[in-house]
Amino acid sequence: MTTTRHTLTRLRAGLLAVAGVCASLAASAWEPSKPIEFVVPAGTGGGADQMARFVQGVAAKNKLTAQPIIVVNKSGGAGAEGFLDIKGDKGNPHKIIITLSNLFTTPLATGVPFNWRDLTPVQMLALDQFVLWVNEESPYKTAKAYYDAIKAGTPNQFKMGGTGSKQEDQIITVMLEKAAGKKMTYIPFKGGGDVAVQLVGKHIDSTVNNPIEAESHWRAGKLRALCVMDKDRLTYKEKVTATQSWSDLPTCSSAGIPVEYLMLRGIFMAPGVTPDQVKYYTDLFAKIRALPEWKEFMAKGAFKDSALSGQPFVDWLGQNEQMHRVLMKEAGFLAQ
């Protein structure tokens with residue numbers, strides 16, 4: 001009996017010790033202690049802004065964070081305002097930023113003292129597509145017809161609207177110009193939402209908006225989607241208009257336009273944060289990506305649902321920085 005009692009006592013003590021360790025580990029897992037600032041280095045209404053506000057909404061609805069997420073747009077200097085804000089807030093885990101490819105283009109074009117390595121990479125959420133759009137009342141029914149018109153027209157005859165200068169939209173425009181052998185008139189606007197509205201109003205001839213930036217206008221019969229700038233067709237088969245789904249769009253290359261480009265939608269934190277703090281956000285975004293609402297959001301915006309974190313994400317960033325350096329050098333957009 002005594003031996004048995006001693007054994008039970010030791011077992012009970014062991015269990016208590018294990019429980020104590022588990023409680024200690026649980027207590028040490030980091031969680032935000034104040035609201036999370038979610039910086040968007042772009043204007044309102046664009047793809048990055050819409051994704052940030054979607055994350056804000058589903059996190060609140062599903063009670064995924066104890067603290068609220070507050071979206072703040074810091075678009076000055078082609079996003080440099082937002083990047084420098086995060087860079088300068090070393091060790092602050094209560095601030096995250098959603099990045100687009102201006103993560104690469106802004107420092108290369110402006111010489112602003114910032115590089116993606118100044119931040120802490122967290123997660124690639126998705127890759128965003130680019131679609132060639134015209135107004136629904138445009139005489140150009142196909143991508144080939146519009147491309148042929150640019151080639152046959154006079155220099156600067158056709159107006160392309162885009163977000164910012166020397167950013168993704170203008171890089172794509174230069175790629176299109178080089179392929180067509182004709183200059184276009186590029187008109188920059190503050191955000192993708194503004195760009196789509198300008199095309200609806202016929203103030204420009206075309207745009208290369210991301211799908212989510214123009215989807216509502218396409219659905220309403222105001223804009224016409226001509227082709228997608230990816231090597232593969234989109235996979236989303238649900239009808240957006242009465243007659244078309246995203247999967248009905250041809251690739252631009254199949255229409256004779258040799259332009260392919262995908263854009264990052266990624267999450268970064270300030271420099272100097274801890275692995276536990278990074279893990280909190282990778283876990284948060286894993287929960288968000290598992291929601292049915294995320295699948296619906298991906299379909300609505302015709303995103304390429306790609307996720308990377310850790311070293312694979314870092315490797316991808318390095319490769320894409322170099323790709324942008326080459327593209328911008330060819331376009332004459334590198335800071336002198």
(1) of a type outside the set (Val, Ile, Thr); (2) surrounded by fewer than 24 Cβ atoms within 10 Å (Cβ to Cβ); (3) more than 19 Å from the chain's Cα centre (by Cα); (4) over 13 Å from residue 143 (Cα atoms) all hold for residue 216 apart from (3)
Scanning segment 287-314 residue by residue, those outside any helix (DSSP H, G or I) and under 22 Å from residue 248 (Cα atoms) turn out to be 301, 302, 303, 304, 305, 306
How many residues, within segment 4-55, are within 43 Å of the chain's Cα centre (by Cα), at pLDDT 50 or above and either over 30 Å from residue 130 (Cβ atoms) or not acidic (Asp, Glu) (or both)? 26
Determine whether residue 248 is at pLDDT 95 or above and acidic (Asp, Glu). yes
Quick check: is even one residue across segment 190-211 outside any helix (DSSP H, G or I), under 21 Å from the mean Cα position of the chain (by Cα) and surrounded by fewer than 24 Cβ atoms within 10 Å (Cβ to Cβ)? yes
Of (1) touching a Gly at 6+ places or on another chain (Cβ under 9 Å); (2) modelled with pLDDT of 95 or more; (3) crowded, with 21+ Cβ neighbours inside 10 Å, residue 176 fails just (1)
Can you tell me which residues in segment 215-247 are touching a residue at least 24 places away in the same chain (Cβ under 8 Å), outside any loop (DSSP other than H, G, I, E, B) and in contact with a Leu (Cβ under 8 Å, 6 or more places away or on another chain)? 223, 225, 226, 227, 228, 246
Is it fair to say residue 124 is assigned to a strand (DSSP E or B) and assigned by TED's automatic domain parsing to the domain that holds residue 174? no
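The values are calculated or read from the model by the stated rules, or taken from the named source; none is laboratory data. This one's a predicted model, so the numbers in the text were calculated from it and none came from an experiment. Neighbour counts run over all protein chains shown; Cβ positions are idealised from the backbone, glycine included.
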